[in-house]
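K.L.:
Questions regarding the structure given below will be posed in turn.
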Amino acid sequence: RRTAHKFVPEPLSWCLDGRETDLLHYVFSRPDLEDLRGSPAKVLRAIDDYSEKYKYLMNIGPTKGENISGLIAANKPSVMIELGGYVGYSAIRFADAVRANGGKKYLSLEVNPEMAAISTILVELAGLRDFVRIMIGPSDESLVRLIRDEKKMSSVEFVFIDHWQELYLPDLQLLEGLDVLKPGVSTLVADNMRLSGSLDYQAWLRASPEEKREMNKTRVGRSKLKRKQPDSASGHWPGLGNPNLIYETSTKIFDLGSVQDGVEITKVVGEDSP
Ligand code: SAM
């Protein structure tokens, strides 16, 4: 049960200023609208056209997007989860790739109901309505609902992390605490590595289990699981993650015209037993 009323973030100068609903008007007034129906590639092209001609949209874009689709093709997840759906660009691009590679479902977690509504409309236009589920709410609440309460998932295969940078590490540790990051199974891809807010995420991925256990002695984790004691099976507090997991991780840098950006690609490769 929710205790506090949660509100959507303040409009930012470079997004959430009405441009996302303008995008809908732009797409649905295009003369080639009928051609877009059922075509993820054409809907993506239309969204790219809008952001090239009118206003910047904070989506993954074609360059990084194609690269991540390649990772999806290599990993062939049956279920993929994204944190941060925005107008549905990455959901359309990556759900199409998951579907083309034999997958079953794409779960898009978005906190802002207005963005989720826009994304729902564009996902439907792209013909992916039955493949993509859009969950509205803060990612941590949706993850707990999805993994623990609803589906009772024992692992996550492929997670795309692209919401706010300060949430990358807490949500990674939430997944660790939920015990769904499994060696040889789980891949994490996180966008916006050029932004300083994600340094703690990268540092945690690179630290050894020993270093992480040490870090945990002085940190207070955020637990949405509201457990009174550590999980008896795994022996660690969900809010502090699982320091014993071992990651193989690297940052891929992309040149995007005037700016550079990085995508962190991470595989869970082992688990230390202290
Ligand atoms: N992945 C999208 C794409 O490439 O098309 C772009 C996502 S955009 C960079 C970030 C999105 O994360 C915004 O729509 C924002 O509302 C959402 N967001 C921010 N905090 C969130 C949270 N706690 N849970 C879920 N979504 C969140």
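The values are calculated or read from the model by the stated rules, or taken from the named source; none is laboratory data. Predicted model only: the values in this text are computed from it and were never measured. Ideal geometry is used to build each Cβ from the backbone, glycine not excepted, and the neighbour counts take in all protein chains shown. SASA here: full protein model, heavy atoms, side chains in, ligands and nucleic acids out. Shrake-Rupley method; radii C 1.70, N 1.55, O 1.52, S 1.80 Å.
K.L.:
Once you have a ≥ b ≥ c as the square roots of the Cα gyration tensor eigenvalues for region 1-131, tell me rounded if a/c is under 1.5, and otherwise prolate or oblate according to whether a/b is larger than b/c. Kindly include the intermediate steps, with their values, before the conclusion.
P.N.:
On the way: a/c = 1.66, a/b = 1.10, b/c = 1.51.
Oblate, because a/c is 1.5 or more while a/b does not exceed b/c.
K.L.:
While we're here: Quick one: 3J(HN,Hα) in Hz for region 94-99, Karplus 6.51/-1.76/1.60 with θ = phi - 60°, rounded, Gly and Pro as x.
P.N.:
Residue by residue, region 94-99 yields 7, 5, 4, 5, 4, 4 Hz.
K.L.:
Would you work out which of 163, 178, 201 lies farthest towards the positive end of the dipole of the chain? Charges go on Cβ: Lys and Arg +1, Asp and Glu -1.
P.N.:
Among 163, 178, 201, the one farthest towards the positive end of the dipole of the chain is 178.
K.L.:
Here's a follow-up. Separation between the residue 10 and residue 196 pseudo-spin-labels, each 7 Å from Cα along Cα→Cβ, expressed in nm?
P.N.:
Each label point lies 7 Å from its Cα, and together they span 1.9 nm.
K.L.:
In debye, nearest 20, what is the charge dipole magnitude of the chain about its Cα centre with +1 on Lys and Arg Cβ and -1 on Asp and Glu Cβ, if you could check? Let's see the in-between values first.
P.N.:
Working: 36 positive and 39 negative charges, 180 e Å.
Computed about the Cα centre, the dipole is about 860 debye.
K.L.:
By how many degrees, between 0 and 90 and to the nearest 10, does the Cα long axis of helix 113-125 differ from the longest principal axis of the chain?
P.N.:
The answer is roughly 60 degrees.
K.L.:
Shifting gears a bit: Roughly speaking, to the nearest percent, how much of the chain's 1.4 Å accessible area is carbon and sulfur?
P.N.:
Numbers: 6960 of 13210 Å².
Roughly 53 percent, rounded to a whole number.
K.L.:
Between residue 134 and residues 5 or more places away or on another chain, which pairs have amide H atoms under 5 Å apart, with H built 1.01 Å from N, and which residues are they?
P.N.:
For residue 134, the qualifying residues are 108.
K.L.:
Lys and Arg at +1, Asp and Glu at -1: add these up for the other residues within a Cβ distance under 12 Å of residue 24 and post the number. Present the calculation step by step, with values, prior to reporting the outcome.
P.N.:
Details: positive: 19, 30; negative: 20, 22, 114, 124.
After counting each charged neighbour, the total is -2.
K.L.:
Residue 254's amide H: which non-local residues (gap 5+, or another chain) put their own amide H closer than 5 Å, with H modeled 1.01 Å from N in plane and none for Pro or chain starts?
P.N.:
Residues meeting the criterion, in which the H sits 1.01 Å from N, are 261, 262, 263.
K.L.:
Please determine, in degrees from 0 to 90 and to the nearest 10, the orientation of helix 168-177 with respect to the longest principal axis defined by the Cα atoms of the chain, where the helix direction is its Cα long axis.
P.N.:
Long axis of 168-177 versus the principal axis of the chain: about 50 degrees.
K.L.:
Subtract the Cα-Cα distance of residue 154 and residue 208 from 0.36 nm times their separation in residues, and report this length gain in nm to one decimal. Intermediate values should be presented prior to the final figure.
P.N.:
Details: separation 54, 0.36 × 54 = 19.44 nm, distance 2.42 nm.
Length gained between residue 154 and residue 208: 17.0 nm.
K.L.:
Oh, and also: Among the listed pairs 42/182; 53/151; 152/267; 55/252, which have their C-alpha atoms separated by more than 32 angstrom in this model? Walk me through the numbers on the way to the answer.
P.N.:
Working: 42/182 36 Å; 53/151 42 Å; 152/267 22 Å; 55/252 26 Å.
From the list (42/182; 53/151; 152/267; 55/252), the Cα-Cα distance tops 32 Å for 42/182; 53/151.
K.L.:
Right, something else. Placing +1 at every Lys and Arg Cβ and -1 at every Asp and Glu Cβ, with all other atoms neutral, what dipole size does region 34-120 have around its Cα centre, in debye to the nearest 20? Intermediate results must be reported in sequence, preceding the final value.
P.N.:
Details: 11 positive and 10 negative charges, 57 e Å.
Dipole magnitude for region 34-120 comes out near 280 debye.
K.L.:
Residue 260 versus residue 78, label points 7 Å from Cα toward the beta carbon: distance in nm?
P.N.:
Calculated label separation equals 4.1 nm.
K.L.:
Relative to the longest principal axis of the chain, what angle (0 to 90°, nearest 10) does the C-alpha long axis of helix 19-28 take?
P.N.:
Helix 19-28 sits roughly 50 degrees off the main axis of the chain.
K.L.:
When the chain is fully extended, how far beyond the present Cα-Cα distance does residue 41 get from residue 21, taking 0.36 nm per residue of separation?
P.N.:
Details: separation 20, 0.36 × 20 = 7.20 nm, distance 2.04 nm.
Result: 5.2 nm gained on full extension.
K.L.:
Under a plain spin-label model, where a point goes 7 Å from the Cα along Cα-to-Cβ, how far apart in nm are residue 53 and residue 145?
P.N.:
3.7
K.L.:
Also, I was wondering about something else. Taking only protein heavy atoms into account and a 1.4 Å probe, give the accessible area per residue of region 63-157 in Å².
P.N.:
On the way: 3490 Å² over 95 residues.
Computed with neighbouring chains in place, this is 37 Å² per residue.
K.L.:
Continuing with this model, one more query. Could you give each residue of region 151-159 its phi-based ³J(HN,Hα) in whole Hz, using Karplus coefficients 6.51, -1.76, 1.60 with θ = phi - 60°, and x for Gly or Pro?
P.N.:
Result, ordered by residue: 9, 6, 6, 9, 7, 10, 8, 8, 10 Hz.
K.L.:
Quick check on the chain: take the gyration tensor over C-alpha atoms, sort the square-rooted eigenvalues as a ≥ b ≥ c, and tell me if it's rounded (a/c under 1.5), prolate or oblate.
P.N.:
Values: a/c = 1.76, a/b = 1.69, b/c = 1.04.
Prolate, because a/c is 1.5 or more and a/b exceeds b/c.
K.L.:
Which residue fluctuates most in the GNM of the chain (Cα springs below 10 Å): 186, 13, 108?
P.N.:
13
K.L.:
Of the candidates 185, 132, 156, which one comes out as most mobile in a Gaussian network treatment of the chain with C-alpha springs shorter than 10 Å?
P.N.:
Residue with maximal mean-square fluctuation among 185, 132, 156: 185.
K.L.:
Here is a follow-up. If you stretched the chain out fully between residue 34 and residue 218, how much longer would it get, using 0.36 nm times the residue separation minus the C-alpha to C-alpha distance? Don't jump to the answer; show the numbers that get you there.
P.N.:
On the way: separation 184, 0.36 × 184 = 66.24 nm, distance 5.77 nm.
My answer for the length gained is 60.5 nm.
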